[in-house]
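Asks: Sharing a structure with you now.
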Amino acid sequence: MEHPRPLSPFRSFLPSALILFLVGWGGLALLFTFSLPDVWPRWTFFVLWDLALTGTALPAAWFLNLRFPGTPSAGDAVVVRQAIWAGVYGATLAWLQLGGVASLWIIVGLAAGLAAIETLIRMRERSLWQPPATEEDEPETDDQPA
């Protein structure tokens, strides 16, 4: 397996973060302004809420991975995945709150479960990671005639 590259500059994440942010928060503003709380606007709320939280969490996920690099360093896909986890967590909490099921233990348990899943995924990536080969690591061949 190919090892991940070092973290890209934030400029590479900026278009997707802006699109998610604007579509999510702008869509929520339009939804709250122009709709009634029926079934389809409710589902639209969850989708837009997920997009808004993912777009908001993307810069934070990039910064935290830049500030606290791991071995191997987190690639671009890891940053996006962690931002998506934040969006899924927020949308799930909103759904649980709507049903009247959310409590402190469920909130903490869901966060711990998602953190455990991300930790296991990162452990798997770390176990498959191979450090890049250097010239010193390559075996020498004796091609000179004796």
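Asks: Calculate how steeply helix 104-128 sits against the longest principal axis of the alpha-carbon atoms of the chain, using the helix alpha-carbon long axis, and give the answer as 0 to 90 degrees to the nearest 10.
Replies: Helix 104-128 sits roughly 20 degrees off the main axis of the chain.
Asks: Across region 27-32, in residue order, what do the Karplus-derived ³J(HN,Hα) couplings come to in whole Hz, using 6.51 cos²θ - 1.76 cosθ + 1.60 with θ = phi - 60° and x for Gly and Pro?
Replies: x, 5, 5, 5, 5, 5
Asks: Now for a separate question. Sort 48-54, 112-118, 33-39, 21-27 for me by packing, meaning the mean count of neighbouring Cβ atoms within 10 Å per residue, highest on top.
Replies: Ranking, from highest mean packing down: 48-54, 21-27, 112-118, 33-39.
Asks: Starting from 0.36 nm per residue, how many nanometres of slack lie between Glu118 and Gln130 once their C-alpha separation is accounted for? List each step's numbers first, then the result.
Replies: Working: separation 12, 0.36 × 12 = 4.32 nm, distance 2.02 nm.
Extra length from Glu118 to Gln130 when fully extended: 2.3 nm.
Rule-based calculations on the coordinates, nothing more; no lab input. Note that the structure is a prediction, hence the values are computed from the model and not measured. Heads up, the Cβs are rebuilt from the backbone with ideal geometry, glycines too, and the neighbour counts pull from every protein chain shown.
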